[in-house]
Amino acid sequence: MTKAVWTTMTEIILQYTGLWPTAFFTIVALMVVTYKVVCGMFFSADDFVPIKRQPLHLGDMTEEELRAYNGSDLEKPLLMAIKGKIYDVSTSKIFYGPGGSYAMFAGRDASRALAQLSFKPEDINGNLEGLSDTQLEILQDWEYKFMDKYAQVGQLVPKKTPTENKAEEESVWDRTSAEGIKSRYAAGE
């Protein structure tokens with residue numbers, strides 16, 4: 001069996017290249033060595049060390065805040081949400097960055113579009129109402145892929161109403177004022 005394979009390979013090499021197998025393999029080996037030497041002249045092993053980034057954690061944000069992370073600002077990471085969980089997809093800029101095949105999903109909750117395997121702009125949202133069991137399974141598969149490949153950096157929260165914003169600002173003001181009074185009292189002022 002081995003001899004038959006060697007004979008067939010020898011005949012094919014001789015027929016297509018006009019070279020005996022020893023000459024053919026010598027030329028191939030020289031080409032590999034030349035490639036390695038030339039590449040070594042221009043690139044070092046250190047050029048291929050992946051850049052380690054600090055883990056990003058942005059916390060809670062609204063859909064409006066998420067839209068700022070769509071790739072239009074190169075200083076910001078690329079983010080995308082699935083089922084309300086926000087993932088940093090910056091490592092896949094070729095797909096989610098500007099011009100990428102999934103660029104329309106960046107900076108958005110794309111749950112419905114992923115479940116329906118749709119690229120329609122009206123489907124790019126987090127509304128899961130009316131999806132079939134099959135579509136929900138597809139979405140779950142997408143979520144598992146994202147959980148394995150990308151870091152979760154936050155959670156989508158509903159848009160805050162103006163009264164919630166004002167109440168939050170007032171509670172921060174009250175807390176800092178009370179803390180300021182306590183610290184001044186403790187210092188003897």
Under a plain spin-label model, where a point goes 7 Å from the Cα along Cα-to-Cβ, how far apart in nm are Met147 and Val38? 4.8
May I ask you to compute the full-extension gain from Leu58 to Val157, defined as 0.36 nm times their residue separation minus their alpha-carbon distance, rounded to one decimal in nm? 34.4 nm
Test of understanding: what is the full-extension gain from Glu137 to Asn125, defined as 0.36 nm times their sequence separation minus their Cα-Cα distance? 2.6 nm
How much length is gained if the chain between Thr22 and Lys3 is pulled fully straight, taking 0.36 nm per residue apart and subtracting their Cα-Cα distance, in nm to one decimal? 5.2 nm
What does the charge count near Gln140 come to, summing +1 for each Lys or Arg and -1 for each Asp or Glu among other residues with Cβ under 11 Å from its Cβ? -2
Starting at the first residue of region 108-116, write each ³J(HN,Hα) from the Karplus equation 6.51 cos²θ - 1.76 cosθ + 1.60 with θ = phi - 60°, in whole Hz, x for Gly and Pro. 9, 8, 9, 4, 5, 4, 5, 4, 8
Spelling out what I want: for every residue of region 73-90, take phi, set θ = phi - 60°, compute 6.51 cos²θ - 1.76 cosθ + 1.60 (Karplus), and round to whole Hz; glycine and proline get x. 10, 5, 7, 9, x, 8, 10, 8, 10, 9, 6, x, 9, 9, 10, 8, 9, 4
With every protein chain in place, the accessible area of Met61 for a 1.4 Å probe, in Å² rounded to the nearest 10, comes to 10
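The values are calculated or read from the model by the stated rules, or taken from the named source; none is laboratory data. No experiment lies behind these values; they were computed from the predicted model shown. When we count neighbours, we look across all protein chains shown, and the Cβ atoms used for this are built from the backbone with ideal geometry, even at glycine. These area figures cover heavy atoms from the full protein model, side chains too; ligands, DNA and RNA do not enter into them. Shrake-Rupley method; radii C 1.70, N 1.55, O 1.52, S 1.80 Å.
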